[in-house]
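S.K.: My questions will all concern the structure given below.
The values are calculated or read from the model by the stated rules, or taken from the named source; none is laboratory data. Quantities reported herein were computed from a predicted structural model and do not represent experimental measurements. All Cβ positions, glycine included, derive from the backbone under ideal geometry; neighbour counts span all protein chains shown. We work out accessible area using only protein heavy atoms, side chains counted, and drop any ligands, DNA or RNA first. Shrake-Rupley method; radii C 1.70, N 1.55, O 1.52, S 1.80 Å.
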Amino acid sequence: MSRLLLVLLLLAAGPALAISDPREALPDPAQEQRAEALGSQLRCLVCQNESIEDSGADLARDLRGIVRQRIAAGDSDAQVIAWMTSRYGEFVRLRPHFDASTALLWASPVLALLLAGALVLRRRGAAPPPPLSAHEQQELDRLMREDV
Amino acid sequence: MIGELGHFALALGCVLAVIQAVVPLYGAQRRDVLLMRAAPALAFGQLIALAGAAGALVWASVVSDFSVANVAENSHSLKPLLYRITGTWGNHEGSILLWALILAVCGAAVGAFGGNLPTALRARVIGVLGFTSCGFLLFALLESNPFLRVWPPPVDGQGMNPLLQDPGLAFHPPILYSGYVGFAVPFAFAVAALIEGRIDAAWGRWVRPWALTAWCFLTCGIALGSWWAYYEVGWGGYWFWDPVENASLMPWLTGTALVHSAIVVEKREALKVWTVLLAIGTFAFSLSGTFMVRSGILNSVHSFANDPARGVFILGLLALVIGSSLVLFALRARHLASGGVFAPISREGALVLNNILLCSICAVVVTGTMYPLFAELVLGAKLSVGAPFFNATVLPLVIPLVAAMSIGPVLSWKRANLGAALMRLWYAALVALCVGLFAAWGWGALPALAFAGSAWLIIGALAELIERTRLLRVPFAEFLDRVAGLRRAAFGTALAHAGLGVTIAGIAGMSLASNAVVALQPGQSTHLAGYDWTLISLTDAPGPNYQSRVATISLSRDHLPIAILAPERHFFPLQNQTVSDVAIRTNGFRDLYAVLGEERDGAAVLRLHYNPLAPWIWLGALIMAGGGALSLSDRRLRLGAPAARKAPAGAAAAQ
Amino acid sequence: MNRRNLLLLAPLAVAGAAGVGFYAALERMRRGTFDPHSLPSPLIGKPMPSFVLPGQAPAQFGFSSDEVWAAGSPVLINFFASWCVPCALEHDELMQLATSGVALWGIAYKDKPEAAAGFLQEHGNPFARLAADRTGRTAIDFGVYGVPESYLIDRTGIVRWRWAGPITPAITADTLRPLLQQFA
């Protein structure tokens, strides 16, 4: 339930308060924006569930710095992500790459909608209930008479 | 001594739960009125016993009785009184006890307020709740007993995680658990209906207030958790799509679907099988949330100590409760005859669409949360699924949901005219379009879409009320009559839908937030979002069980002073841990937010945020829950009024 | 059993499958073959990243990837730091490995030179070669996400094994020794 014991992992990250050095931002705002967008798609390895942009961990700070260096050096977004995955694996990507192993994941919204749609259509297409048998009709008549 | 009393009360509660599970169910099967009538008394007895157990644990913590292991591990004599009380449910063992206590409250509530239920149905519902209870109490007694002793007792406790020492988090678990556990009541109603093999409109009417109550608590609980993450953790975010957050979102989504589909059962006797499945599924998600958090099976920031053995026990419990109810469903659901037919374009049709979309969103959240586990176990691939995935996949499903939310309530039952319904909403559409265009001009496509959706929901909810009261189209006195005659449930719906609109506006506003990380020496200032932020001083201050470092920041706009912000950094010597205390100044339309970081060479690193509309996120959730509560106060829901429904039901059968 | 009844069984089947999956995961967690927090290295089977690192006291000279490659025997590279608690825990085992003739080369990760030297003076120095990675960049090239971490490099410079966390006698016996034999 809830966030009860947050932060064994913050303990591991030490007293850093998710605050990083102001000097690390890129001077070019467009490049800095790209770096932030990329960083928020890369997972902090130490803290497991934050992006490196959000994390106060030391390693996340280093990785943020590297993302900015590579962007400043003219790397494309795909190149920066490839740089990261070649070291830390697909795990660093918070937005998993689309391939055979993630097809089911990415198709899940469509599959869910199709399944739900099929269920509704099936229900609508279902035959109307069969007419009452003679015995049921008798029973109904009896009940109706009792009701009156 | 307190520990022994508590332990005894817990065991007594477990025994009473077993009796509560067996006697009423047996009595209902044998049609033995005496046994069936025993159900409420047993539920009260279990509640009293568990209240005693919980009271004993709280008392042991208040008087710092460190011979109780749980208190020694999680409390400390220097801890403020409030947190000594609330800390009892901030750990695994205590939270399981809280869970069982709330379940007992639910059973007792059905006993107390279920006077107008048929005796057999009430007995079965209470029996099923007792069955669930004894599972949790056995778990508490065997695997996570909060009353285990240590001897000799330590001189002092180990203290609790400083991040948990916070008023928001103190009350978060009881509210959230009330939501989770509250869904046990609709679950019990569903199981009882399956045992009886019949569901009618009255069943829908009885289930809905319980589902709605649980839904209100869950909504508040999730909002409180999100708010806590926003102001306590200090990342400036409010929702991280973390597995633990997702686990609370799943029952909320299916629970929202349940609250809506129960209306169809009540009004039209349709969707019965589906509603029963939703009731079972919602509670199943509540339970599996506990499992996922406590077994350490998922990769989460927030989690209790990982313990696979504990996980196996909870999994067995889940298999028993969920498995047996689904077996019953497979065997008995076909006996639940389906009722009224309706055209695709109708109120029922809109509610079906609502259910499809909510359940699809839930399916996506479940898939995304479980996929890393699945990929590792089955495909041998290590990957992560994070916020970018959820944002990209959930958004396309939310758009049609929001679009339909304003249209649904103006459609009529059975068969409706979509064109006529849309005509009534023309001004809502116009306002949404204007807001969207204005926002697109200023901030780009996504915020524009969100602001338009928000306006559509809020104005649409108003439009529905205006339509029902015929404002400006009838004399004012008649309008007032119509307002007075309007059902509270209608107000509730409008309020809840508008609340979501407010939340969406808040989320859209937060997407325009700006922040800066600066290193300032006292006297220096920086500029962010039109404000001048000046660091005035850095001072030390004592705290109850921590040392505090306070930065005083003055904010001004065009040389006019606006506010003083004083973010703090608390150092807890006992745990050797530093926690930031965020300073937030809000005016309802934007938050000014400051965090104090490390200090270097006389300069303090500060993170400053300007968060437009941030408070609306949680305000909207409160409005939603308020709408639910207003609906609950509707006279007809309170009374259940099965008698009033008998005549039309008979008439329908006669046709 | 008609189609409708089959459909009513579907929820049970889905829940059952989920339950079996959860149970399998828990069993593997208990046996230690599955750890949700572990992170496999993508470098296994690939050449080690190239690096040149300066010396770390007491060693005067550092080492480079070329020297690891030229060592002529498998090399176990260990990233450690004086500020890291688990590093002290594995130190005895590292000393054991060193005396049993394993080529153990150490890299001090983001550590003050004098602190790392003090750490080795206090606990003993198991490392045949020592280098300092002050910026942590070489560690990132290896995919290090915490200290201690150890990498087994074979004679051709290929990364064969990575262990994140302290090396225990059990790990040495069950995993490291067989690998050392295999790549000797």
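S.K.: Scan segment B:328-354 for residues that are facing chain A (nearest Cβ under 8 Å) and under 29 Å from the mean Cα position of the chain (by Cα) and report the count.
M.R.: 1
S.K.: Could you identify the single residue in B:GLY135, B:GLY221, B:GLY159, B:GLY179 that is closer than 26 Å to B:ALA54 by Cβ, out of contact with any helix residue (DSSP H, G or I) (no Cβ under 7 Å at 6 or more places or on another chain), surrounded by 20 or more Cβ atoms within 10 Å (Cβ to Cβ) and in contact (Cβ under 8 Å) with a residue 12 or more places away in the chain?
M.R.: B:GLY159 is the lone residue from the list that is closer than 26 Å to B:ALA54 by Cβ, out of contact with any helix residue (DSSP H, G or I) (no Cβ under 7 Å at 6 or more places or on another chain), surrounded by 20 or more Cβ atoms within 10 Å (Cβ to Cβ) and in contact (Cβ under 8 Å) with a residue 12 or more places away in the chain.
S.K.: Being open to solvent by less than 50 Å² (accessible area, probe 1.4 Å), over 16 Å from B:VAL595 (Cβ atoms) and more than 35 Å from the chain's Cα centre (by Cα) is the filter here, so list the residues in segment B:537-550 that pass it.
M.R.: Those that are open to solvent by less than 50 Å² (accessible area, probe 1.4 Å), over 16 Å from B:VAL595 (Cβ atoms) and more than 35 Å from the chain's Cα centre (by Cα): B:SER537, B:ALA541.
S.K.: Next question. For the structure I just gave you, tell me whether B:ASP532 is open to solvent by 30 Å² or more (accessible area, probe 1.4 Å), modelled with pLDDT of 90 or more and assigned to a strand (DSSP E or B).
M.R.: Yes, satisfied.
S.K.: Specify which of the listed residues (B:ALA461, B:ALA455, B:ALA484) is without any contact (Cβ under 8 Å) to a residue 60 or more places away in the chain and either of a type outside the set (Gly, Ala, Ser) or over 17 Å from B:ALA428 (Cβ atoms) (or both).
M.R.: Testing whether each residue is without any contact (Cβ under 8 Å) to a residue 60 or more places away in the chain and either of a type outside the set (Gly, Ala, Ser) or over 17 Å from B:ALA428 (Cβ atoms) (or both) leaves just B:ALA484.
S.K.: Taking interchain pairs and intrachain pairs at least six residues apart, which have beta carbon atoms under 7 angstrom, with the first residue in segment C:80-104 and among the aromatic types (Phe, Trp, Tyr) and the second buried (at least 20 other Cβ atoms within 10 Å of the Cβ)?
M.R.: Short answer, once both residue conditions are applied: C:PHE80/C:CYS87; C:PHE80/C:GLY106; C:PHE80/C:ALA108; C:PHE80/C:TYR109; C:PHE80/C:VAL147; C:PHE80/C:PRO148; C:TRP83/C:ASP111.
S.K.: Additional query: Can you tell me which residue is surrounded by the most Cβ atoms within 10 Å (Cβ to Cβ) among those in segment B:48-102 that are of a type in the set (Gly, Ala, Ser) and in contact with a Phe, Trp or Tyr (Cβ under 6 Å, 6 or more places away or on another chain)?
M.R.: Applying the filter and picking the extreme gives B:ALA100.
S.K.: Residues that are open to solvent by 30 Å² or more (accessible area, probe 1.4 Å) and at pLDDT 90 or above: list the helices (runs of 4 or more DSSP H) wholly contained in segment B:368-446 that include at least 3 such residues.
M.R.: The qualifying helices (runs of 4 or more DSSP H) are B:387-407, B:426-443.
Matching residues to (1) at pLDDT 90 or above; (2) over 22 Å from the mean Cα position of the chain (by Cα); (3) within 11 Å of chain B (Cβ to nearest Cβ):
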position: A:VAL7; (1), (2), (3): no, no, yes
position: A:GLU24; (1), (2), (3): no, yes, yes
position: A:ARG68; (1), (2), (3): yes, yes, no
position: A:ILE71; (1), (2), (3): yes, yes, no
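S.K.: Could you check B:LEU212 against (1) without any contact (Cβ under 8 Å) to a residue 40 or more places away in the chain; (2) buried (at least 24 other Cβ atoms within 10 Å of the Cβ) and say which number it fails?
M.R.: (1)
S.K.: Here's something else I'd like to know. Can you list residue pairs whose Cβ atoms sit under 9 Å apart, with the first residue in segment C:19-34 being free of Cβ contacts under 8 Å to residues at least 40 places away in the same chain and the second being open to solvent by 30 Å² or more (accessible area, probe 1.4 Å) and in a loop (DSSP other than H, G, I, E, B)? Count only pairs 6 or more apart in sequence or on different chains.
M.R.: Once the first residue is free of Cβ contacts under 8 Å to residues at least 40 places away in the same chain and sits in segment C:19-34, its partners that are open to solvent by 30 Å² or more (accessible area, probe 1.4 Å) and in a loop (DSSP other than H, G, I, E, B) give C:GLU27/C:THR33; C:ARG28/C:ASP35; C:MET29/B:ASN306; C:MET29/C:ASP35.
S.K.: What's the number of the only condition in (1) modelled with pLDDT under 90; (2) buried (at least 17 other Cβ atoms within 10 Å of the Cβ) that B:VAL150 fails to meet?
M.R.: Every condition holds for B:VAL150 apart from (2).
S.K.: Taking segment B:162-174, which residues are within 12 Å of another protein chain (Cβ to nearest Cβ) and open to solvent by 50 Å² or more (accessible area, probe 1.4 Å)?
M.R.: B:PHE171
S.K.: Only one of these is assigned by TED's automatic domain parsing to the domain that holds B:GLY602, part of a strand (DSSP E or B), hydrophobic (A, V, I, L, M, F, W, C) and open to solvent by less than 20 Å² (accessible area, probe 1.4 Å): B:ILE553, B:ILE584. Name it.
M.R.: The conditions single out B:ILE553.
S.K.: Collect the residues in segment C:30-41 that are open to solvent by 30 Å² or more (accessible area, probe 1.4 Å) and on the phi < 0 side of the Ramachandran plot, keeping them in residue-number order.
M.R.: C:ARG30, C:ARG31, C:THR33, C:ASP35, C:HIS37, C:SER38, C:PRO40 - these are the residues of segment C:30-41 that are open to solvent by 30 Å² or more (accessible area, probe 1.4 Å) and on the phi < 0 side of the Ramachandran plot.
S.K.: With the structure loaded, tell me whether B:ALA450 is surrounded by 14 or more Cβ atoms within 10 Å (Cβ to Cβ) and closer than 27 Å to B:ILE617 by Cα or whether it fails that test.
M.R.: The answer is yes for B:ALA450.
S.K.: Now a separate question. Out of the helices (runs of 4 or more DSSP H) lying entirely within segment C:66-184, which hold 3 or more residues that are open to solvent by 30 Å² or more (accessible area, probe 1.4 Å) and within 25 Å of C:PRO42 (Cα to Cα)? Walk me through it before giving the result.
M.R.: On the way: elements: C:85-99, C:113-123, C:137-142, C:177-182.
Answer list for segment C:66-184: C:177-182.
S.K.: What do you reckon, is B:LEU317 closer than 15 Å to B:PHE283 by Cα, crowded, with 19+ Cβ neighbours inside 10 Å and at pLDDT 85 or above?
M.R.: So B:LEU317 fits the description; yes.
S.K.: Which is of a type in the set (Gly, Ala, Ser), open to solvent by less than 30 Å² (accessible area, probe 1.4 Å) and out of contact with any strand residue (DSSP E or B) (no Cβ under 6 Å at 6 or more places or on another chain), of A:SER108, A:SER86? Quick ask: steps written out before the conclusion?
M.R.: Details: A:SER86 fails: open to solvent by less than 30 Å² (accessible area, probe 1.4 Å).
A:SER108 is the lone residue from the list that is of a type in the set (Gly, Ala, Ser), open to solvent by less than 30 Å² (accessible area, probe 1.4 Å) and out of contact with any strand residue (DSSP E or B) (no Cβ under 6 Å at 6 or more places or on another chain).
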